[in-house]
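To keep things clear, I will list the structure first and then write my remarks on it.
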Amino acid sequence: MDDRIQQLLDREEIRGLMARYARAVDRMDTAALREVYHPDAYDDHGDYQGDVDGLIGYVTDRVGDIPQVMHFLGQCHIEFASPDIALAETYFMTAHTLGPQAQAAYGVQNGTGTVQISMFGRYVDRAERRDGHWRIAHRDTVFEATRLFTGTVPPIKPDWAQHRRDQQDPVYRRRHEAGL
């Protein structure tokens, strides 16, 4: 296959890897989160630096019990160092609605109402293709800014599709219906 066509396919697979990471954290799907990293990967996520098992524990402890998490991914610039090594820089914005435990972890306790935090930054990833699959080998999470909101938040209407942080989220139902 022409090298340029293979690079296009590889870019799309790496972009898909980034999207699967976001879904895994947003839906608290730890099995899917593990699948985006190589087993010996390293992740620097600000308050956590270490291996994949530790990252999964950190994510579970930090955001596992909060009612809402959403990652929005922006541009993803991918550069190839070789056919099996790429650097991906992916811009992100997150929105978290924090429960009491997460408020304490983030140091933003508010006993009178909702706390929402948004973070803005970039995932700087060394992605490697091993055994035919692209996965993250090393991630540096570069935080650029944070925003905090405290107070009353309007609720999502009950007749709208409701997000879930587990396998009952509508995306999993639709995946099952489609045979995925």
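The values are calculated or read from the model by the stated rules, or taken from the named source; none is laboratory data. Predicted, not measured: the structure shown is a model, and the values here were computed from it. Note that we place each Cβ from the backbone using ideal geometry, even for glycine, and neighbour counts take in every protein chain shown. Protein only, heavy atoms only, side chains kept; ligands, DNA and RNA dropped before computing areas. Shrake-Rupley method; radii C 1.70, N 1.55, O 1.52, S 1.80 Å.
Considering only residues that are aliphatic (A, V, I, L, M) and more than 11 Å from the chain's Cα centre (by Cα), which ones fall in segment 14-59? Passing the criteria: Ile14, Ala31, Ala41, Val52, Leu55, Ile56.
Selection of first residues in segment 136-152 that are more than 24 Å from Val36 (Cβ to Cβ) and without any contact (Cβ under 8 Å) to a residue 24 or more places away in the chain and of second residues that are aromatic (Phe, Trp, Tyr) and open to solvent by less than 20 Å² (accessible area, probe 1.4 Å), restricted to Cβ pairs under 7 Å at least 6 apart or on distinct chains, gives an empty result.
Restricting Asp47, Asp40 to residues that are under 18 Å from Val142 (Cα atoms) and either of a type in the set (A, V, I, L, M, F, W, C) or open to solvent by 20 Å² or more (accessible area, probe 1.4 Å) (or both) narrows the list to Asp47. Please work out if Ile78 is over 19 Å from Ala95 (Cα atoms) and in contact with a helix residue (DSSP H, G or I) (Cβ under 6 Å, 6 or more places away or on another chain). Criteria met by Ile78. Checked against the criterion of being among the β-branched types (Val, Ile, Thr) and more than 16 Å from Arg139 (Cα to Cα), segment 20-34 contains one or more residues that satisfy it. Applying a threshold of 8 Å to beta carbon distances and a minimum spacing of six or more residues, or different chains, the list of pairs starting in segment 166-180 at a residue that is in contact (Cβ under 8 Å) with a residue 24 or more places away in the chain and more than 26 Å from Val59 (Cα to Cα) and ending at one that is hydroxyl-bearing (Ser, Thr, Tyr) and open to solvent by 80 Å² or more (accessible area, probe 1.4 Å) is empty.
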